Structure formats: C-alpha cells, structure tokens
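Taking it in order: structure first as structure tokens, then the write-up.
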Ligand SMILES: Nc1ncnc2c1ncn2[C@@H]1O[C@H](COP(=O)(O)OP(=O)(O)OP(=O)(O)O)[C@@H](O)[C@H]1O
Ligand SMILES: Nc1ncnc2c1ncn2[C@@H]1O[C@H](COP(=O)(O)OP(=O)(O)OP(=O)(O)O)[C@@H](O)[C@H]1O
Ligand SMILES: [Mg+2]
Ligand SMILES: [Mg+2]
C-alpha cells in the first residue's frame, strides 16, 4: 500500500492549544476598548486618576465574578450574592461599630456569607432544587433579614480611617489601591482552584455532566455545598471591601451588581452550560464591564445616548470576542451570507 | 425455564404518565397558597377586589413568562424583554398620540418587539453568541433607544378612556378584566405551539441537544430566529396591555419584571437546561409570583418583615413543589439524613 | 437546483467526487471518490477515527465539506441548499452512530421529528403518531414487557434499546438509500439478527445501502463491495467474493502494521 | 464498617445476596444472588434491558439497591458508606457502558479524575498526569497520527476512540476486580483484539473480572462461567466447557421465544 | 451662535442626575440642567446612579478623574464617604456643589469655594406633606394611615420617615410598608399590594408616599379597592402625568412639589457664577410646599414640557 496518505497533516501535538493564551481574545477586546477610550477621551484616559478610580471601584464586583465563574463552571448559578453584599456589609458595619472590632467584623461578614452559601448549597445539592430558582428565593429572604437588622439605615465607619484594616484592605501600596491587589490575589487563587486543584476539576466534571461526575467517583453533593459556601464567603469579603471603600454601609449596596457581575463572567467567555470556564476571561470581563459606563461618559456622549452607546459597544465587544476566538465561525458566516446572494 | 419472572410487575403502559395532569404539583402549591391567604387574611381574600387587581396586574408579566417558557424550552434565555416593554410601550403611546391611531400603535408595538427579537435571533443563531450575554447587550441598546425617542418623557393616554381598544384589551367582560382573557388566550396558544405544533417540537429538540436537532433535520438557525421573534412580539403585546392598564407610558416600565417573569417560569417547573417545559406550570407560576407580595401584606405583615416572609414562602413553595413532583426524592433524603445519624 | 426527482432513472444513487473535510487542522477526509449503485450494498470499514462517520455525515447534509462535489441520482448537488432535510426529501435515511435521539423527548416524537404528520397548519396529529410509534415498537422492534411505549422518554432506555429505536425509525421511512453507522453496536443477538435481516431486505427490495460495521463477519457476508478507509482516504475496494473473511482480516491487520511502521 | 482490607485472603471478591433494584415501578433487578471468585472471569449475558448494566452499577456504588446485601471480600458492605469512591478504594475498576467521560475535559483529566495525583494540599500534578496520560495513549492504546494527545478533549474523539480511553483508564489502575460493560462496542478489529488480550491478562495475573458482552463468541471463549440475566433475574449459570457456542446461541434464542410465548 | 460669548463658555461640569434616564423624578432635573447649560454655554456631562449611594460615590470618583471645572453631587451617601473625595476635588480647584439631599458639613467647609445646595430637606419635606394631608383631609387622632415608602434605602428614606412622623405626631395610627426593589423599578406592581392593604384595613383614612411613581399609581389602587375620590386622603410627591390626572380627579389630595427643574438649573448656575466671579455657595430649598389639583391645572403646559 502506498504510504502517501501518511504524509497528510497530522500534527502530533496540537500546536494551537499550546500557543493559546487563556483568555487572549477578551484581552485583545479589552485593549481595543482602552485604545478607543484613549482616542476619544485622551484628557481622561491618558491620566492616572481614572485608572485609580477603576482600581478602587471594580474589585468588589470582580471578586463576585470570580466566584461566579466557579459556580457557572459547575453548571449552576447564584443570584443571591446581592443579598450577601447587603447582609455581610451590615454584619461588618455592625460588629465594627458595636464591638469596635473590625477584624471580627470581617470574620462575621465572611461567616455570614458562607452561611448563606451553605443554605443555598443544601437546598440545591441535597433537596435538589435548581439553583436559579432557589437563589432568587433565598436572596429575598436574606436581603429582608439585612433590612430588618439594619432598619434600613446607613452607617458610617469613619472611625476606621487610619486603622490597620482600612490600610490593609483599602489603602494604597506604591500608589496603587490595595483593593486591586486583593482582587488580583483572589483571581490567582480562583485560577489555581479551578485549573490545578482537585476541587476545581470536580466542579468542571460536575458541570460537564453530573451523571459522569457521579460515575467517576465525585461526591457531587459535598462538592456543590462547598462551592456555594465558597461563593458566599467571597461575597462576604467583597461586601467588606465595598463597605470599607466608602467607609459607609448602605442598605441598598450590591443591588446594582447582579447583572454586571454576571455579564462580566459571560462576556469573558465562560459558557452558561458549565464544564468549561475561564478565570482570566472573567478578570478582564469585570474590567470591561466596570469601565464601560465611565469610559463612554468620559468621551462626552450626552445623557440619553449613553445607554445606547453602552449597548452598542457591549454588543460589538461580544461579537469581536467571538470573531477573535473562532475566526472559522466568521468565515462560515460570510460563506453562508454570500451563498444566499 | 420457569415463567415466574414474567409475572413481575411490568405495566404495558405507564399508568402514571397518563394519569398525570401537566403542572399538577404547581397547581397544588397554588391552591395551598390561596388556602393559606384565605386562612390568614379572610377579610381580603374572601372578597373580589384583590382578585380583580391580580387579574389586572398579572397578565403582562404572565404573557412574558409564557414567551420565556418557549425560549427556555429551546435551551436559550432572553433578558431583553424589559427593553421591549419600554420600547414597544413607547411606540404604542407615540403612535396613539401622534396619529390618534391606537390600533396602528398596537401593530407598531408588536412589530417593534418582533424587530428586537429578529436582531436577537440573528446574533444568537447566525453569529453564534450565547443568548444570555447578547440579550443583556441588546437590552441596554434598545432601552437606550426608547429613552432617546421618548426624550425620557412619560405620556398619559387618558384620551383612550372609553375607546374600543381600551375596552377590548383592558375593559371587563362579565365583570372580569379582559386582560385576564388575553393572558389565558396566549397561554392556550403557547401550549398548543409547544405541545402540538411542529415548531414547538423543534424547539424541544433544539433545547434537548442542538446536535441531535441538526441531525434529525431541524433548521436550528431558522427556528431559533423565529423563536426570538415570537418572544419579541409577545413582549410588544404585553407592553401594550401594561400601557393601557395604566393609561400612561413611563420610560422605566418593565424594569421590575426581569426577575419576576423568570421566576414564574422556573417556579412553574420548567428546567433551565432546555428540552422540557411546562406551559401550565408557567401559568400558575406567574399567578403565584404575582400574588405573593400582596398576599403577604394582606395577612397583616408590615414594615421590613414583608420581604423576609416573601423569601420564606417562596422557598417553601419551591420545596413543596419538588416534594409533590417527586416524592421519591424526599424519601431518599430522609433515608440519607437518617443513615447519617 | 438539480433535477433530483427520485423517480428518474439513474446509475448512481450517490457519487462523491474529490470530497474533503477538515476540522481545523485535522483532515478527516481527503479526496474521496466514491459511487454507490442503485441497488448496491457497500460496506464501509476502517480503523477507529478513519473518517467513516464523517463521510456519511457529509453525504447526508450534516457536515458541509471543505471541498469536492456530490452527485445524487447523477445530478450535482448545490451545497448551499443541501441539508439533512433535503437528504430526507431525496429519500436518504440514516442511522447515525452518535446519539440522534432527543433524550428528554417521548418516543413518538423521536420517531417523527423532522417529518411530523401534521395538519395543514403544522399541528401534529399526536394520536396518529403515537399509534404508529406503538406499532413500530411492538411489531417491528418487539419491545415487550419492560414497560416501554410511545410515551417513554429516551433517557430511560438501555443502550441497546436506543439503538433499536434509531433503526426502527429508519426502517419505517421507506428510502432509496439507507445508511447504517455501526447499527448493531450494543445489540443483543436476536436484535443483531433483525438488523442483518433488514439489510438483506434492503438489497432484495432493490434499494441501496451503506453499512459501516467493525464486525467483519457481518459486512463480509452482506456487502456487495467493501470500501476500506484509512486516515481519511480510500485505500481499497474489495469484492467479498474475491477475498475470504480470514484474508480480509489479515489484510486489515497488515494495513495497520504498515501504518505503525511508517509512523515510527 | 467492614474490614475490607484488600490484602486479607478471601473466597469471593464480591457476592450479592438477594439484591433488588427498582426504578419507580420498573423492577430492573429481582433477588440477584451472585458470587464472583478471586480469580474468576464471569461473562454476563442477556437481552437488551435485562438489567446487566444495572447490576454492575449496583456492585460499584453508582446505584443504591432497593433491598439486598453485598459482600466484598466476604465482608458485608454498609450501603450508607458505599460509593464509587469506596469501590475504587476497594480496588474495583469499571468501564461503564454509558458515557463516563467528561466531554469537554482534556484526556489527562479524564484519566485521573476521582483519583488525581496531587500534592498534600490537593493541587494536581498536571505535568505528571499529562505525561502518564500521553504514555497510556501512545503505548497502551497506540493512538498515533490523528493528532490526539493528553490535551485533546473527549468531544473531538470518534466513538471507538472514546471506548479506548475508558478502557485505558481501567487498565492503568491496577485492580482486583475489573468490570467491563460491553467494552468492544464500536471498536475496530485490532482494538477488539487488545481488549480480549487484556481480559486474558486479568485472568493470568490472578484477578477477577465481570465481562458483559453481546458477542457470544467473545464471552464464550474467555469466560470461566456465563451468567444469563433475563428481565432482572438470573435464569442460567453455564460453564462454557459444558455447552458449545452454537448450543449457547440456540439456548438464548429459545429463551427469548419462550418469553414471547409466555407474554402472548 | 458661537458659545464663546456666553458666560460659561469653556467650562465643563459633571452632574449627578440621580435615578435613571427618564425616570420621573430625574427628568425635570435633567431638563433644568440642560437648559441652564445651553443658556450659559457650558459643557454638561450627566451621570445616572439608579439612586444607589455607592454608585454615586463611584461616579464622583470617575468625575474627579476627568478633572472638570465643576461637579454636582447628591447627598444620599452622606457627608462621610464624600469627605476625602471632596477635599481632593477642592484641592484641585474643582467647584463641588450638592443637590437633592443636603450635605451640611461639606457646605460649612467649602461654602466659600462655591459649595451650595439646591433641593429639599427630606425629613422636612415629608412633614410638610403630612401637614398638608392633615389639613386637607381633616385627619384626626386615631385615624388609620398607611405610609408606603422606600424605608430601606438609607437617606433617601428620610422623606418617608418625615411623612410618617408628621402623621404620627398628629395622633394617627400609622402602618408602614416598605417599597420593594421590584416595585421601585416597576411601580405598577404596587397596585395589588395597596389593594390588599386597603382591604385588610377597611377603615383606612390616609395613604402617604414620597416615591414619585408609586404616587401616580395610588388612584388606580383606590379605584380597584372600590374607594371614591376624596374618601381617602392621599399625599404624594412629584408631578408624573398620572399624578396630575389623580390630582385633577381628586384621588390624590396633595403632592409635594420639589421643583426638580430648579434642582437641575441652579447647580449649573452655581458653577458658572463661582468659576467666573468667585461667588459663594447658595442654599435653596426648592420644595417649599405642596400642590393640589387646582394649582396643577394652571401649571399644566409647563409640566408637559418637563418643567416642574
Ligand atoms: N467535530 C469534530 N471536530 C474535530 N475533529 C473531529 C470532529 N469529528 C470528527 N473528528 C475527527 O475526525 C476523525 C474521523 O472521525 P470519524 O468519526 O469520522 O471516525 P470513524 O471512522 O467514524 O471512527 P469510529 O469507527 O471510531 O466511529 C477523527 O480523528 C476524529 O477525531
Ligand atoms: N435510571 C433509570 N430509570 C428508569 N429505568 C431505568 C433506568 N436505568 C435502567 N432502567 C431500566 O431498567 C432496565 C434494565 O436496564 P439496563 O441498562 O440494566 O439493561 P442492560 O441489560 O444493560 O441492557 P443493554 O444490553 O441494552 O445495555 C431497562 O428496562 C431500563 O429501561
Ligand atoms: Mg464512526
Ligand atoms: Mg447495558
């Protein structure tokens, strides 16, 4: 038999997989956006302060997105994190003011978030209620509890000015807001959990197919309870950062983050269907979502048009992302449109 | 060989499937809730006005839930319907005021919603962007457009008092608000589409597995574009009902419906994963979601506790639903908890 | 658009001309030339990953090719208009190797999806579909006892039962070309016999078939011609009459050895 | 908790006592009594839907039984603590019939999931896992050419390639009982030979196996004992030495005829 | 005309509008600010926070980063979170002024640099509404009243607390209900809740709220609960179209007129006057009192243009 067929391209290792940097498409989209903003609003985007403000305001939302990335990797969803932001923020503010013990407050906030997570995890994994519906329910409950406890009052935490906790969680290091370092730290940890730890691998298999996960010996109940607990704890931590950043607790805090934190994950390229997820994508997704509004306002777009332009840029970014990620799809599309003509 | 093994229970037809009324569990949950409300607030729930007000306010949200049921059956999601409510509501109000042609306005509203749907469908099916992310983007865009067009102004449509359109879409028939009949009509049509029409079957297969759908010869592109168009058109219709009901248009209308309409679908028992859906479930789900708040207020709960109780009842309803739907799960749970002890 | 009227006379039911398919950098098929006669049973054999399934998916409109031409009933096919639906209309019937059943759907839907029995408004005649599905289940497939009927969902079926459903579907829709991708996979002996009988009936009724199978005894006994695929190319065309089963087996094992030698 | 230390001596590696499993009203298994010796190869045969897969899923902790007892290495098993994980610890290795691979995951994860090579904090030694996976792929499974390596995801593999991966995984983790549920399904001849060789090696190395297979020639040649399941019950225990392949085939076909007669 | 001959030519101002574009209690402010910007030739950049205090702070940071000439902030987050940020702005010579909710401490500190205030005094505004209700509806000791407000929203809830306080002080029995997020976003959902409450408390004499759009839905709730105009004394806020209709039909008794247009116009003026002439901050209470149906009638043409 001739051996010509053997010469057909059959690369021993997939060279693209190796060369492919995780999240590269979204990173490109991010820099294209920055480029556009610099082009349209150089007075704002060529100076440090706007970046400084992003580095202060984006971290809490980013930490939520990172946690959500794990949740979505496992094929689940969590819509209760705004309630965690409200309740844990209150716990932090309350403990800080009542016992003058901000570190204890931090603990209380994280524990409170974790508690919400445990309850969610129990209802989802053990009782078997789909996460998308039950976390709406628990979200009502816990944000109700937060309002009852706080009486709907705002609290200021001025007393924390100059304290260690404020310096460490929300000061500056080399002129860069420390929140940014915390968010980066969480991102690195979450990346390692997802890509290098047994727990993360279990989440990926659970998200891929719960049946397969069971068959290969993964305790899908325990892992999912752990997952929601972790998500809750991260929410608690984000709540403290948010509260410290403003040195005040607002009872409505976190409400506006529901869509943005989710959008950050999905724009980053994580699939809704579970089984795959990109932490780098969520990281840059959070940056993009966090700066979109302010960037467009800075370019001088007027009032009512801001939302329209945000929508346009958002859609364009997603399409660009798809285009870079999978050029074949675009070619196929061209072919299809062309063949119709 | 002995023929005893043949005597083992092997029912020729699954008697449970036949006897099982679609959505029975959620119907039971609904009546349990009504029972509770009557028990705790007889002065309110034994009189007509509260039901009348439900029948006026629930229909728009219910129509959205019914459309979403189809979308979710196909394994997709649509988060842009609040934008449809804003834009289509504006179109209706604008055409009605400018040309004094409310029926044309109705047409414009439905066409506007359908247009949004076509754009969504194109981006999702042809470009291949996940619906959960792209409908967030288009939602920004179109609600921005609505604000720009309306200049952010609210409109009253008092002039429609006593007109035919008002009577037909939002009057009363035999003392029952006509909105209720329209919602019921949409429910029946959607039920037949999903369960009896070729289009609905295609949606179910697409939601079950897009790969399988392609292999059995379903045009997954065209069907999904049709799906989002239908969803948009239903949103346009809901917008007109809402605007007529209030006899005024305001640019933020629909924003609060995002979570409620989704919750109605999921509480009704439709799975997030696509491939199965229950229209009856969504119907009663919408009723439950629509009356929860008011029902709890009627029992005399006041102040900040309302939200807490809403959360509790919500979770309890979902757990009850699961329990009725699949008693085996509860038994299994008991066994598991018991064996641990 | 080609005149592919099923009632015309023709020489080849399907003919591929330099068909190639690539997935990214993986070339699954290279320059395939293959013609199937009106009443020919062609056995397609080859190693795992040789490209057999890809070839039939291209012939039936599931995967568009990267290049090449296709002729159905001697008429060229316009790729832009070719689809699974179109292949159905052209009376091609396929049992795919991978799952082609909607897991969560009842069997009566799975039998008719894509070709529902509807009234003129597109509403499905559920009772009729259910009746026919039950008939197929009981008569043709002989599903007894275990509690499977037209309302059962696929998710509950055992591996073999699923395979049976897919074949039953293909058997029900009368076609001129029937393609079977490893149809006996996971079937119990009696079920296997039924499939082989079915293939024989295809031949007897004057129709054509492409039959993919790793069990050489089966293909060798049934096929008029064996086409051997190896890493995306056709490497042999064998008439079973010219080569005994034992020789065929040796030939294929040799072929693989050659490859290993060449690859080293 | 039973003393199931793998190093104790024992008579039966696994023994089921009146094991029953019901799914709702479907009784998939009724009062199964089955004992597998230390170094016995048991072939499990029966019709589609007979309950073969359900039986081995119960033995390996995937499905909890409705009633009955299980003994592993002669020690009773506590159902509350029995799980796939525990079965792994007890050195049971299984190739399930249905998919047991994470479709979107790379092969190096699929090989080791559930039993990752980690440092003491639970972090996976990716390089090591990847290296071993590549070794298994190339040496044991002989995947050449087609561009499959440890980083490929399962979704891209052909049907036979997937089966190969699942078997490779079971082959790598040394076990006392190896359970194979239709392992040759969709495999090309050479691959089938490898699996059969593998089963022979199990026997030679003094371990036990349960081997489910519809191809009677294969089981008849390999098994020490054949257990026939019919609609959830064990209806025959046959030594291949006592019954020729032809007789066995006839016996099974007769069995089915009896059923049809009884059902009618 | 070239804007260069206008007083504010070349100046840029960031302006916190409060809610979302087009929300009834934001639009007049926006129109006022735009009109002033046009008249004075100043470049206006609008920010919307959906009434979320933390977003207001975030957006102030972003405004600061753009180094404009002036920034208008809203007082909802309170003095504390703004303190360091305003100090930073003042250091850079940016004129900061406040609206809608007063920030007295910052005003004290920076009045000389143009830190002014244009808006209501929330608690007092609520009390004013309560007083008008008591007068118009002859409310007496022991009468049952509902105050349906955004109590859970920190400072924004102060107006509702003021209203409740005013009614309680007069001896009424006041129930409070919190406006949930859903209702806040979609006030039509308030209707069944109010119907339920009215049915539960058939002897109810008064309903108060300080949420603009909820105000506009009270008439519908009353109709559905079978109440006649004037039977229940209703006090609300703002002048959404349906509220005006309600005032005309007498379902709504009084409404607090915050004169939102002024809350938009005045801060822009403040900016220009301070930048050009160094004038100090001015403090204006834009909500001196309530409107009734008769008063609204004559304002109608202006209201239609969003000037109220
Ligand atoms: N969608 C796809 N994306 C990437 N590669 C694919 C895809 N489908 C198939 N391949 C690759 O193309 C090659 C041919 O696959 P194909 O399924 O046609 O093999 P086959 O001959 O049917 O094998 P088997 O006998 O195992 O079913 C394989 O190497 C496979 O990995
Ligand atoms: N999860 C389940 N729910 C309901 N019924 C089930 C389930 N799993 C299996 N069954 C039923 O139990 C019976 C036995 O199934 P099983 O998979 O054990 O058969 P099998 O002998 O392995 O068949 P095959 O040879 O086709 O693989 C079948 O009738 C099947 O429909
Ligand atoms: Mg194949
Ligand atoms: Mg099986």
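Nothing in this text is a laboratory measurement; each read-out follows from the coordinates by a stated rule. Every value quoted in this text rests on a predicted model; they were computed, and no experiment measured them. Reconstructed Cβ throughout: ideal geometry from the backbone, glycine too, with neighbour counts over all protein chains shown.
Who wins for biggest fluctuation among C:119, C:110, C:215 in a Gaussian network model of chain C, springs between alpha carbons below 10 Å?
Result: C:119 has the largest fluctuation of those listed.
May I ask which residue of chain C has the beta-carbon nearest to the axis carrying chain C onto chain D, and at what distance in whole Å?
Smallest Cβ distance to the axis, with its residue: C:185, 3.
Return the percentage of antiparallel bridges among DSSP beta bridges fully within the stretch C:92-214, rounded to the nearest 5 %.
Percent antiparallel among DSSP bridges in the stretch C:92-214 is about 20.
Find the percent of Cα-Cα distances in the stretch E:39-183 that exceed 22 Å, and round it to a whole number.
Looking at the stretch E:39-183, the distances longer than 22 Å represent 49 percent of pairs.
If R0 is 22 Å, what FRET efficiency do you get for residue D:250 and residue C:138 from their C-beta distance, rounded to 0.05?
Between residue D:250 and residue C:138 the formula returns 0.30.
Please compute the alpha carbon radius of gyration of the stretch B:208-341, then divide it by the globular-protein estimate 2.2 N^0.38 Å. Two decimals is fine.
In units of the 2.2 N^0.38 Å rule of thumb, it is 1.40.
So for the stretch C:1-123, considering every pair of alpha-carbon atoms, how many percent are separated by more than 23 Å?
The answer is 38 percent, as a whole percent.
Provide Rg and Dmax in Å for chain E, with only Cα atoms included in the calculation.
Looking at chain E, its Cα Rg and Dmax stand at 19.9, 63 Å.
Hey, what's the Kirkwood Rh for the stretch B:166-214 if you take every pair of different alpha carbons, in angstrom?
For the stretch B:166-214, the Kirkwood estimate is 12.7 Å.
How high is the FRET efficiency from residue C:33 to residue B:192, r the C-beta distance, R0 60 Å, rounded to 0.05? Numbers along the way, then the final one.
Working: r = 49 Å, r/R0 = 0.82.
The formula returns an efficiency of 0.75 here.
Per residue, what volume in Å³ does the Cα convex hull of the stretch E:146-283 take up? Working shown, then result.
Working: hull volume 17.4 nm³, N = 138.
Taking the convex hull of the Cα positions in the stretch E:146-283, it is 126 Å³ per residue.
Between residue A:164 and residue E:112, what is the FRET efficiency for a Förster distance of 45 Å, r being their Cβ-Cβ separation, to the nearest 0.05?
FRET efficiency, residue A:164 to residue E:112: 0.80.
Determine, for D:248, A:64, the number of other Cβ atoms within 10 Å of each Cβ, and report the residues in order from fewest to most.
Going from sparsest to densest Cβ surroundings: D:248, A:64.
Any idea what % of Cα-Cα pairs in the stretch B:23-321 are farther than 31 Å?
Within the stretch B:23-321, distances greater than 31 Å cover 30 percent of Cα pairs.
With a Cα-only, solvent-free Debye model of the stretch A:31-80, what are the log10 I(q)/I(0) values at q = 0.26, 0.31 Å⁻¹?
Results for the stretch A:31-80 at q = 0.26, 0.31 Å⁻¹ read -0.91, -1.08.
Please work out how much length the chain gains when fully extended from residue E:292 to residue E:173, using 0.36 nm per residue of separation minus the C-alpha to C-alpha distance, in nm with one decimal.
Numbers: separation 119, 0.36 × 119 = 42.84 nm, distance 2.42 nm.
Between residue E:292 and residue E:173, full extension yields 40.4 nm more.
Quick one: Kirkwood hydrodynamic radius for the stretch C:66-128, alpha-carbon pairs, angstrom, one decimal?
Values: mean 1/r = 0.0699 Å⁻¹.
Computed over Cα pairs of the stretch C:66-128, the Kirkwood hydrodynamic radius comes out at 14.3 Å.
Order these by the 10 Å Cβ neighbour count, fewest first: A:206, E:73, B:132.
B:132, A:206, E:73
Could you state the number of Å between the C-alpha centres of the stretch E:169-211 and the stretch D:218-252?
Here the answer is 78 Å between Cα centres.
Distances from residue A:99 to the same residue in each other copy, label points 7 Å out along Cα→Cβ, in nm, shortest first?
Label-point distances to the other copies, shortest first: 6.8 nm.
How many angstrom lie between the Cα centre of the stretch E:121-166 and the Cα centre of the stretch D:29-53?
78 Å
Among A:91, A:115, A:174, whose mean-square fluctuation peaks in a Gaussian network model of chain A (Cα, cutoff 10 Å)?
A:174
Need one word for the stretch B:132-195: rounded, prolate or oblate. Basis is the Cα gyration tensor (sqrt eigenvalues a ≥ b ≥ c); a/c below 1.5 gives rounded, then a/b vs b/c decides.
oblate
For residue A:189, go 7 angstrom from Cα along the Cα-to-Cβ vector, then report the distances to that same point in the other copies in nm, smallest first.
5.3
Can you say what percent of the DSSP beta bridges in the protein assembly as shown, counting only those with both residues inside, are antiparallel? Round to 5.
Rounded to the nearest five, the antiparallel share is 45 percent.
Once the Cα gyration tensor of chain C is diagonalised, what are the square roots of 5 times its eigenvalues, in whole Å and ordered largest first, as equivalent ellipsoid semi-axes?
Each semi-axis is √(5λ); the values are 31, 23, 18 Å.
Using bins 20 angstrom wide from zero, how does P(r) for the protein assembly as shown break down, in % of all Cα pairs?
9, 33, 34, 18, 6, 0
Using a Gaussian network model of chain E whose springs link C-alpha atoms within less than 10 Å, name the residue from E:16, E:220, E:263 with the highest mean-square fluctuation.
E:220
Give me E:201, D:69 ranked fewest to most by other Cβ atoms within 10 Å of their Cβ, as a rough exposure proxy.
Final ranking by Cβ density, sparse to dense: D:69, E:201.
Compute the distance in nm between two label points, each set 7 Å from the Cα along the Cα-to-Cβ direction, one at residue E:305 and one at residue E:91.
Label at residue E:305, label at residue E:91, 4.5 nm between them.
Let's test this: bin the Cα-Cα distances of the stretch C:92-214 at 5 Å from zero up to the farthest pair and state each bin's percent.
The calculated distribution, bin by bin, is 2, 11, 22, 23, 21, 13, 6, 2, 0.
Taking a label point 7 Å out from Cα toward Cβ, give me the nm distances from residue A:168 to the same spot in the other copies, shortest first, one decimal.
7.0
Roughly what % antiparallel, to the nearest 5, for the DSSP beta bridges in the stretch E:166-300?
Of the beta bridges lying entirely in the stretch E:166-300, close to 25 percent run antiparallel.
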